[in-house]
Amino acid sequence: MLLICGTAPRKDLPLTEGEAILQGDTLRIGGAEIPCTQGTAALVSAAGATLAFLRQPAPRTLLVGDDGSGKGSRLLYEHLIGNLPRIAPQVVVLHYMLPVMGLMRKVSESASKAKKRPFMIADAAAMYAAKAAGIAREFDLFTPDLSELAFLADPQATHPAYVSRHLFESDSSRIPELVAAAYAHGSAARTLVVKGSTDHIAQDGRIVERLAEPNIPALEAIGGTGDTISGMVGALVSAGFDAVTAARIAVRANRTAGLYAGATPATRIWQVIETLPRVFADHLDKWARQAVDRKIERSAP
Amino acid sequence: MFFKSEKNNGFEGGGLVLFESVEGALSGERALKAEGIENRLVAPPPELRRGCDLALEINLVEKPAVERMLGSRQVHFIDILPTRGGTELLQVVQVTDFGEAVMVKAGNMKLTFDKVSGVVLNISGGGCPDIPYLHAEMLAKPLDRAPRPREMGHTLCSLMLDRAYVQSLEIWKNGGR
């Protein structure tokens, strides 16, 4: 089971648990309606579309309203600390929440108390909290963009707003160097999916894949196009794909969805997400076969 | 290393509010606690010490909310600094021209607007919970009628978005250049 945890841009939403369904530009969960914009709503929607295509159970979602004050985030942390072993998810995605180092450490400790520790994915401020708390290595997968990779590579920074200027100004040609620094400082999860004009997938300190096609520059401007990658990766891992294969399929699907949506800087994320069933119908079998071929190549003597 | 003035309850904030006087620090503690903003009194390390020997440790991410709160209660403070690493917020702003739209990137935040109408087309990046909220509030509004992130946001991500917003407004008023 995939468990997705995050906040929604509504002050009045209590901690809400249930299956989420995307209808047009609205995500419905437990009787609540949440606009499918940038953030956890986009992540949940992309994960749901992926699992629906794979005929897998919908993701279990824990959402709480938070306007940034952190009140909702703290409820979410406390719920996870008290209940993760009982919920026993196979995969957890932690997403938009106020980064609180001490609470994130307790969430990770709670995950370890489950019969089998879940596959732990962190994106957005959950990733900031994990890195700042010094527990990045306890996570299985992070999905930073270039500025967030610079943050992971800066051993002192506790938020991307305080990254060293020389690291922040790095262009994509320095991604291998930044990836190496993030792993060397213990600030990377086992697998990194670095989102950018060229997506990089790294595992155990080594870049194993670069993907740049189709090239849709407008995707960078559209709020939520990183969230959709994290949602699809979580869904694919929970469906049985290994982390690198899941990451490879997710970034290709994201780029192709941008192509199918005719993405411009004005496109909304739900318009990208609604193309995913068509993207998977056209390409998923082929991408999955290529992944198997690559694995065979890698394991050949 | 901090010298804690009260028992460590596990709170790790990463940010320090510096005050001129002990009275100021105590007023700050009361003001923030009244608003539910987690903090604790600490003795600042020598390299960061300015003003008095008492400071407040806060969650650095909440710097904009703390500044606004202390300001509204007339509690004077000297500065809010990270407890480790560089003390300067990122000042770098990068601009991408999409033809009819411009994307302005400040730190981990990106704001994209229509060159002619100034309408906010998209906000991307960031990770703190006020960003989806600001996204919903600002989207489809002209820059000069959209709420300013600094006034509504609580976190460092909103501060970066504010930088992108200010630069966007300037570019739009200069005809998209």
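Any read-out appearing in this document is the output of simple, stated calculations on the displayed coordinates, not a laboratory observation. Computed from a prediction, not measured in an experiment: that's the story for all the values here. Glycine gets a Cβ as well: all are built from the backbone with ideal geometry, and neighbour counts include every protein chain shown.
Inter-chain neighbour count for B:102-113: the average number of beta-carbon atoms from partner chains within 10 Å of each residue's beta-carbon is 5. In debye, nearest 20, what is the charge dipole magnitude of the protein assembly as shown about its Cα centre with +1 on Lys and Arg Cβ and -1 on Asp and Glu Cβ, if you could check? Approximately 860 debye in magnitude.
Dividing the radius of gyration of the alpha carbons in the range B:3-82 by their Kirkwood radius gives 0.91 for Rg/Rh. Considered as an equivalent ellipsoid built on the Cα gyration tensor, the range A:141-292 has semi-axes of 26, 18, 12 Å, the largest given first.
What is the log10 of I(q)/I(0) for the range A:187-252, computed with the Debye formula using one identical point scatterer on each Cα and no solvent, at q = 0.20, 0.22 Å⁻¹? Rounded to two decimals, the profile gives -0.79, -0.94. Dipole check for chain B: with +1 at the C-beta of Lys and Arg, -1 at the C-beta of Asp and Glu, and the Cα centre as origin, the magnitude is about 220 Debye.
Estimated from helices alone, the mean residue ellipticity of chain B at 222 nm is -9000 deg cm²/dmol (sum of -39500 (n - 2.57) over DSSP H runs with n ≥ 4, per residue). Considering all C-alpha pairs of the range B:93-173, those separated by over 18 Å amount to 27%.
Here's the picture: charge each Lys and Arg Cβ at +1 and each Asp and Glu Cβ at -1 in the protein assembly as shown, and of B:37, A:166, A:94 the one pushed furthest to the positive end of that dipole is A:94. Absence of a disulfide-compatible partner, taken as no other cysteine beta carbon within less than 4.7 angstrom, is noted in chain B for B:52. Exposure proxy shown here: for B:100, A:213, the number of other Cβ atoms within 10 Å sets the order, fewest to most, as A:213, B:100. Counting Cβ atoms of other protein chains within 10 Å of each residue's Cβ and taking the mean over peptide A:33-46 gives 3. With one equal scatterer per alpha carbon and no solvent term, the Debye-computed log10 I(q)/I(0) for the range A:2-299 at 0.13 1/Å reads -0.85. Each peptide in A:143-153, A:46-56, A:14-24 gets a packing score, the mean of other Cβ atoms within 10 Å over its residues, and the list from highest to lowest is A:143-153, A:46-56, A:14-24. Find how many whole Å separate the alpha carbon centroid of the range B:60-83 from the alpha carbon centroid of the range A:151-177. Computed from Cα coordinates, the inter-centre distance equals 25 Å. For residue A:27, the amide hydrogen comes within under 5 Å of the amide hydrogens of A:34, A:36, counting only partners 5 or more places away or on other chains and with H modelled in the peptide plane. All C-alpha to C-alpha distances of the range A:115-228, sorted into 5 Å bins beginning at zero, yield P(r) values of 2, 13, 24, 25, 20, 10, 4, 1, 0 percent in whole numbers. Residues A:260, A:96, B:133, arranged from fewest to most other Cβ atoms within 10 angstrom of their Cβ, appear as A:260, B:133, A:96.
Summarising the amide proton neighbourhood of residue A:98: residues at separation of 5 or more, or on other chains, whose placed amide H is nearer than 5 Å comprise A:73. Shielding by partners for peptide A:162-169, expressed as the average number of C-beta atoms from other protein chains within 10 Å of each residue's C-beta, is 5.
Taken over the C-alpha atoms, chain B has Rg and Dmax values of 18.5, 57 angstrom. Note on the range B:3-82: with charges restricted to the Cβ of Lys and Arg (+1) and Asp and Glu (-1), its dipole about the Cα centre is near 100 debye.
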